[in-house]
Amino acid sequence: MPIRYRIDRHDRSQLELKLDYPLREGVSEQSYSVETFLFVPRILGLSKYNYKSDDFYGQSTSFLRMTTPQRRLADLSDKSAVKPWTGDLKKELAEYLGGGTETLEVAERNLRLLGCVYKRALGNAREDLRSTLERLKTERRSELVNESLDAFILDLQGARKRLRKIGSKLDEESLPPSLIESWHAIDEYISLLTEEACTQALIQVDSFEPSEGLETRKDSLKKIAVSEYKHRRSKGWGTYASEESNNEYLAHRWRILKRFVSGVLYVDVDRQDTGLLTRDIAGMVAAAFAMLVATLALLFINHNWPANLSWAFVTAMVASYVVKDRVKEWGRKRLGERLSRNAADHLLKIRSPVSGNLLGSCTARRWWSSLWDFSRQH
């Protein structure tokens with residue numbers, strides 16, 4: 001499967017590159033190679049001499065996350081579809097309430113993963129509904145519009161009911177407050193996503209010509225949106241729009257909830273310098289070669305001049321030391337360049353945030369080239 005990528009402008013001074021690495025089932029070790037070319041205007045004066053690799057990687061930030069598990073919205077109403085995340089949840093809750101030593105960290109992660117699954121399933125269903133309605137509007141097939149809306153509403157109600165049923169088991173006062181607060185945050189985020197999906201569907205349906213049964217479907221979408229609004233009000237959550245305020249809190253809270261729920265997909269990344277071993281090897285080889293030169297020079301000096309304080313002896317010893325020092329420095333530099341030419345100068349170790357086990361690694365190497373050299377080599 002090919003690597004999918006997307007590059008965007010993050011802000012006025014930063015670029016954001018997103019790469020999607022597909023993982024093949026049944027393969028224990030997989031590797032990918034990506035070449036990225038950045039063309040910098042010559043007037044900026046950037047080169048390998050004034051912009052080192054350490055500066056480049058020090059000013060870049062790497063985030064790695066797992067892809068959200070994919071389920072259809074229609075499947076989320078089925079108990080078997082959510083069992084991968086709820087199966088251990090029941091067991092952990094039972095052991096904790098029975099006096100066990102479970103920390104319920106895995107339970108919290110599964111709840112957040114379930115929120116991610118719902119978000120992606122709802123997003124896919126929204127996009128399918130949007131494209132279907134656009135096509136049916138062009139074809140003027142109003143009877144299929146009602147069927148598409150019915151299917152969307154039914155799937156949405158079933159998924160909401162299933163997730164709220166799972167969350168109802170977390171209202172026990174004896175459970176850790178952190179777990180209850182996590183579920184409340186997930187429930188609030190799900191409610192916002194559901195209301196937004198119904199609102200966008202209503203906006204699109206409003207452009208359709210009135211037809212038999214269409215108003216009934218619009219009323220159903222309105223009821224779902226209003227019920228989600230009332231649900232948040234009843235819980236004391238302030239994530240709703242108000243005409244008396246600028247609603248800054250709503251946008252701020254939305255971002256916090258999104259980061260909290262989606263944060264479960266991120267993995268831990270350790271950044272390491274891979275050039276240390278190469279530089280050490282180059283230094284040792286260069287030092288050994290320089291010592292060989294110095295030893296041969298010393299044998300030559302002793303053979304031709306007596307070991308006394310004559311000017312010839314002193315001059316030869318000083319000259320041999322200078323040559324040894326320059327040979328060592330020249331060998332370290334030249335050998336280091338050759339050894340590191342095809343080696344990575346940056347290493348990211350990817351670890352599981354739960355167990356800390358190594359999941360994989362990502363190596364990178366920066367390569368400078370002038371526009372003239374690039375045109376000649378490519």
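Each reported figure results from applying straightforward, stated rules to the coordinates on display, with no laboratory input. As the structure is a computational prediction, the values presented were derived from the model and not from experiment. Positions of Cβ are generated from backbone atoms using ideal geometry, with glycine treated the same way; all protein chains shown enter the neighbour counts.
Filter segment 87-112 down to the residues that are within 15 Å of Arg164 (Cα to Cα) and surrounded by fewer than 19 Cβ atoms within 10 Å (Cβ to Cβ) and list them by number.
Lys90, the sole residue that qualifies.
State all residues of segment 119-166 that are under 28 Å from Trp254 (Cβ atoms) and surrounded by fewer than 14 Cβ atoms within 10 Å (Cβ to Cβ); if no residue qualifies, say none.
Glu127, Arg130, Ser131, Glu134, Lys161, Arg164, Lys165
Filter segment 219-267 down to the residues that are more than 17 Å from Ile190 (Cα to Cα) and without any contact (Cβ under 8 Å) to a residue 40 or more places away in the chain and list them by number.
Correct list: Asp219, Ser242, Glu243, Glu244, Ser245, Asn246, Asn247, Glu248, Tyr249.
Out of the residues in segment 39-75 that are within 25 Å of the chain's Cα centre (by Cα) and in a helix (DSSP H, G or I), state the one that is surrounded by the most Cβ atoms within 10 Å (Cβ to Cβ).
Step by step, filter segment 39-75, then rank; the result is Leu73.
So how many residues does segment 221-256 have that are among the aliphatic types (A, V, I, L, M) and under 16 Å from Leu156 (Cα atoms)?
The number of residues fulfilling the criteria is 4.
Has segment 172-181 got at least one residue that is in contact (Cβ under 8 Å) with a residue 40 or more places away in the chain, exposed (fewer than 15 other Cβ atoms within 10 Å of the Cβ) and either touching a Pro at 6+ places or on another chain (Cβ under 8 Å) or assigned to a helix (DSSP H, G or I) (or both)?
Yes: segment 172-181 contains one or more residues that are in contact (Cβ under 8 Å) with a residue 40 or more places away in the chain, exposed (fewer than 15 other Cβ atoms within 10 Å of the Cβ) and either touching a Pro at 6+ places or on another chain (Cβ under 8 Å) or assigned to a helix (DSSP H, G or I) (or both).
Output yes when any residue across segment 200-209 is within 32 Å of the chain's Cα centre (by Cα), assigned to a helix (DSSP H, G or I) and in contact (Cβ under 8 Å) with a residue 24 or more places away in the chain, and no when none is.
Looking through segment 200-209, at least one residue is within 32 Å of the chain's Cα centre (by Cα), assigned to a helix (DSSP H, G or I) and in contact (Cβ under 8 Å) with a residue 24 or more places away in the chain.
Do you know which residues across segment 76-86 are surrounded by 13 or more Cβ atoms within 10 Å (Cβ to Cβ) and assigned to a helix (DSSP H, G or I)?
Result: Leu76, Ser77, Ala81, Val82, Pro84, Trp85, Thr86.
Which one is nearest to Leu257 (Cα to Cα), of the residues in segment 182-235 that are crowded, with 16+ Cβ neighbours inside 10 Å and acidic (Asp, Glu)?
In this case the residue turns out to be Glu188.
Which residue is farthest from the chain's Cα centre (by Cα), if the candidates are limited to segment 1-18 and must be in a strand (DSSP E or B) and among the acidic types (Asp, Glu)? Give the derivation first.
Filtering segment 1-18 for residues in a strand (DSSP E or B) gives 4-9, 15-18.
Right, trim to among the acidic types (Asp, Glu) and you get 8, 16.
Values: Asp8: 15, Glu16: 11 Å.
My answer is Asp8.
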